[in-house]
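Undergrad: First the structure, then my questions, so here it is.
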Amino acid sequence: MVSPRRGRLGKVMATRRAKQPPPTVVLFVRHARTPTTGSVLPGRAPGLHLADGGRTDADKMAAHLAGTAKIEAVYASPLERAKETAEPIARRLGLKVTVERGLVECDFGEWTGGELKALRKLPEWRGVQSWPSGFRFPSGESFPEMQCRVTSAVARLRSRHPGATIVAVSHADPIKAAVAEALGTHLDLFQRIVISPCSVTAIAYGEGGPLVLGVNTTNGLDEVQPS
């Protein structure tokens with residue numbers, strides 16, 4: 001026989017479960033290809049636009065997203081390549097692109113604009129890959145600062161759109177940092193995460209914590225729905 005006290009507790013727990021709000025799903029999209037993707041570290045330098053192939057990829061991604069998810073808002077980093085990736089997505093959905101500065105690329109400081117083949121030869125490059133939590137770009141940002149900035153931006157977006165699905169167009173390292181935080185993975189392992197140009201990474205942020213639905217997806221969202 002169930003005691004009255006235990007019975008009341010069960011009813012309270014059931015009510016709390018029933019009232020638990022749905023998660024906010026953030027669809028992180030890395031900007032599409034630019035003329036220097038894979039060869040230069042552009043950072044926050046202005047004036048870098050999408051390549052023709054990148055614009056085509058952005059249009060395809062916009063079609064995928066419009067057909068597979070009900071999206072409430074589209075946010076983008078303030079850099080041109082991110083806004084140009086977000087614009088066709090927003091246009092398909094009948095929305096406007098809202099700039100969220102917290103989604104901006106890491107500040108690479110003196111490394112901004114450097115060729116990757118030259119940067120890889122620097123002794124500091126090993127720290128970037130194996131001990132990112134202890135590395136600060138010369139006259140720039142540290143990886144922990146970047147992660148804190150991005151996760152704070154996500155928290156703001158979640159508070160604006162509880163229970164909704166939103167798009168956040170950003171850059172490879174900020175998205176990798178958001179994935180690492182959601183997985184509870186140390187920042188020193190975040191370089192093991194791959195975020196390709198014009199890919200989607202889906203994370204559901206609920207009362208019980210984040211749930212990573214899919215990472216580096218390029219073929220729509222059918223395979224990243226929660227089970």
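Here, each number is a calculation from the coordinates, and none is a lab measurement. Treat the numbers as computed from the prediction; the structure is a model and nothing was measured. Heads up, the Cβs are rebuilt from the backbone with ideal geometry, glycines too, and the neighbour counts pull from every protein chain shown.
Undergrad: In whole Hz, what ³J(HN,Hα) sequence does segment 34-49 give by Karplus (6.51, -1.76, 1.60; θ = phi - 60°), x for Gly and Pro?
TA: With coefficients 6.51, -1.76 and 1.60, one gets 10, x, 10, 4, x, 10, 10, 9, x, x, 9, 4, x, x, 8, 10 Hz.
Undergrad: Work out the FRET efficiency for Glu207 and Lys70 from their Cβ-Cβ distance, taking R0 = 22 Å, and round it to the nearest 0.05.
TA: Given R0 = 22 Å and the Cβ-Cβ separation, E is 0.60.
Undergrad: Okay, next question. Give the range of the longest stretch in the chain that excludes all trypsin sites (Lys or Arg not before Pro) found in loop regions by DSSP and having at most 14 other beta-carbon atoms within 10 Å.
TA: It works out to 122-227.
Undergrad: Continuing with the same structure: Using amide H atoms built in the peptide plane, which far-off residues or other-chain residues are under 5 Å from Gly113 H to H?
TA: Leu41, Gly43
Undergrad: If the chain between Cys148 and Trp131 were fully stretched, how many nm would it gain, using 0.36 nm times the residue separation less the Cα-Cα distance?
TA: Value of the extension gain: 4.4 nm.
Undergrad: Okay, moving on. If you work out Rg/Rh (Cα atoms, Kirkwood Rh) from the coordinates, which of (1) 1.18; (2) 1.06; (3) 0.94 do you get?
TA: (2)
Undergrad: What is the dipole size for the chain, taken about its Cα centre, with +1 at each Lys and Arg Cβ and -1 at each Asp and Glu Cβ, in debye to the nearest 20?
TA: Using Cβ point charges on Lys, Arg, Asp and Glu, the chain gives about 1140 debye.
Undergrad: Looking at the chain as a GNM with Cα springs under 10 Å, which of Val194, Val154, Val169 has the largest mean-square fluctuation?
TA: Among Val194, Val154, Val169, the largest GNM mean-square fluctuation belongs to Val194.
Undergrad: Sort Cys148, Cys106 so the one with the fewest other Cβ atoms within 10 Å of its own Cβ comes first.
TA: Cys148, Cys106
Undergrad: Grab the beta carbon distance between Glu115 and Leu189, set R0 = 25 Å, and tell me the FRET efficiency rounded to 0.05.
TA: E(calc), rounded to 0.05, equals 0.40.
Undergrad: Right, here's the next one. Which residue, Pro22, Pro88, Pro132, tops the fluctuation ranking in a GNM of the chain built on C-alpha contacts under 10 Å?
TA: Taking springs between Cα atoms under 10 Å, the residue moving most is Pro22.
Undergrad: Would you calculate, for the chain, the mean residue ellipticity at 222 nm contributed by helices, counting each DSSP H stretch of 4 or more residues as -39,500 (n - 2.57) and dividing by all residues, to the nearest 500?
TA: That calculation yields -12000 deg cm²/dmol at 222 nm.
Undergrad: Right, here's the next one. Which length gain, in nm to one decimal place, applies between Glu124 and Glu80 when the Cα-Cα distance is subtracted from 0.36 nm times their residue separation?
TA: This chain segment gains 13.0 nm when fully extended.
Undergrad: Between their Cα atoms, which of Lys60/Lys121; Lys19/Lys96; Lys83/Lys176; Lys60/Lys117; Lys83/Lys121 are more than 28 Å away from each other?
TA: Lys60/Lys121; Lys19/Lys96; Lys60/Lys117; Lys83/Lys121
Undergrad: For segment 113-184, run through the GluC sites (Glu not before Pro) and keep only the ones in DSSP coil with at most 15 other Cβ atoms within 10 Å of their Cβ.
TA: For GluC sites (Glu not before Pro) across segment 113-184 that sit outside H, G, I, E and B with at most 15 neighbouring Cβ atoms in 10 Å, the list reads Glu124.
Undergrad: How would Ser77, Ser142, Ser133 line up from fewest to most surrounding beta-carbon atoms within 10 angstrom?
TA: Ascending number of Cβ neighbours within 10 Å: Ser133, Ser142, Ser77.
Undergrad: Moving on. Which far-off residues, 5 or more places away or on another chain, put their amide H under 5 Å from the one on Leu213, with H placed in the peptide plane?
TA: When sequence neighbours closer than 5 places are left aside, the close amide H contacts are Ala202, Ile203, Ala204.
Undergrad: Give me, ordered by chain and number, the residues 5 or more places off Arg136 or on other chains with an amide H under 5 Å from its own placed amide H.
TA: Correct list: empty.
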